[in-house]
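J.: My questions will all concern the structure given below.
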């Protein structure tokens, strides 16, 4: 029975992590090589076109501020969720550990290892992902606020190339922060057993694939492909 418990934790959890990491490596490669096949690639091209349009017209500075404000609010919401989850997770650590010590329900192999060290790993991994998500979201807010100032700054104080780099870093960090928050939820389910981690990770990867790739929209791909030369 003990061997089965160790087997579930040492096989299913690493499998879930490698599955999620492998998917994002695949997404990143497609984003770099075939950006028009991914949502993030198309959004980046649209942002660049929008940025060039804003930079060429000083009267649209207020429009840039209002447009970036929506992204800043969404990123702030993500950062707030990560902090609330971190605080709630810290509050539950002691009570959950005591419950596992006194309840025979957690002796079932489906819940995996329930030792003190394993509890620290389970809560620590989820807390680490939440903190990384908060860090990326906070850095994203900083970059987007700087981009607000740089877009409206005089040309002698900021070059368009530098402003666009700051602009794109803000959006990319916001994307990473939201993804880290999504990956945290399967790790939280580890408290209920490694099997749920594997199942939720597969469901999450399938959902992200449906949102990230545009393979089903054939007509949209043709139209986008025609626009590729325009923004290249």
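Values in this text are rule-based calculations from the coordinates and carry no lab data. What you see is a predicted model; the values in this text were computed from it and never measured. Backbone-built Cβ (ideal geometry, glycine too); neighbour counts: all protein chains shown.
J.: Name all residues of segment 132-175 having a backbone nitrogen under 15 Å from the label point set 7 Å from the Cα of residue 83 along its Cα→Cβ direction, giving them as ranges.
T.: Hits in segment 132-175 for residue 83 at 15 Å: 132-142.
J.: Let me ask another. Tell me, in nm to one decimal, what length is gained between residue 135 and residue 202 on full extension, where the rule is 0.36 nm per residue of separation less the Cα-Cα distance?
T.: My answer for the length gained is 21.5 nm.
J.: By counting other Cβ atoms within 10 Å of each Cβ, how are 182, 136 ranked from fewest to most? Kindly include the intermediate steps, with their values, before the conclusion.
T.: Numbers: 182 14, 136 24.
The order, fewest Cβ neighbours first, is 182, 136.
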